[in-house]
Amino acid sequence: MKIFDGYRAWFSPSVPSAHINTWLADGGIQIRDPTKPVIQYYFSNGLDDQTTELVRGHNKVVYKSVWITDSSLSRTRQPLGTYAVNARVESPRSVRRPQTVVS
């Protein structure tokens, strides 16, 4: 089952090609013009990207592209809340666990 089947997304230049390729391989569609009203997801990896600021200025929520890989690996679309670009919460797969020191 392709978990992004038919969903349309725009990607800022800050998104790694591996994330875009995962999106496409899992059935997603890439829209290159961020002003198209058919876009359902906007992906970026930082607020320092001018195109991301432009999109956010049009009241669009932009998400971190790691959501794509996390969703693909789990084979289900993850909740988007913590993946918003302005959110400080990291992907569950990228969080480092504290190491226990034994004396």
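With all projection directions averaged, the alpha carbon convex hull of the stretch 1-66 covers 4.1 nm². Taken one residue at a time, the phi angles of the stretch 26-33 give Karplus couplings (6.51, -1.76, 1.60, θ = phi - 60°) of 9, x, x, 10, 9, 10, 7, 8 Hz. Gly and Pro are set to x.
Rounded to the nearest Hz, the phi-derived 3J(HN,Hα) couplings of the stretch 34-51 under the Karplus curve 6.51 cos²θ - 1.76 cosθ + 1.60 (θ = phi - 60°) are x, 8, 5, x, 7, 6, 9, 10, 10, 10, 7, 10, x, 7, 7, 7, 4, 5, where x marks glycine and proline. Evaluating 6.51 cos²θ - 1.76 cosθ + 1.60 at θ = phi - 60° for every residue in the stretch 81-86, the Karplus couplings come out as x, 7, 9, 4, 4, 7 Hz, glycine and proline recorded as x. For the modelled label position 7 Å from the Cα of residue 77 along Cα-to-Cβ, which residues of the stretch 22-44 have backbone nitrogen atoms closer than 13 Å? From the stretch 22-44, the list is 27-29, 39-42. Segment residue 48..residue 35, full-extension length gain: 2.8 nm, with 0.36 nm per residue of separation and the alpha-carbon distance subtracted.
Values quoted throughout were computed directly from the atomic coordinates according to the rules given, and no laboratory measurement underlies them. All of these numbers come straight from a predicted model, not from anything done at the bench. Methodologically, a virtual Cβ is constructed for each residue, glycine included, from the backbone with ideal geometry; neighbour enumeration extends over all protein chains shown.
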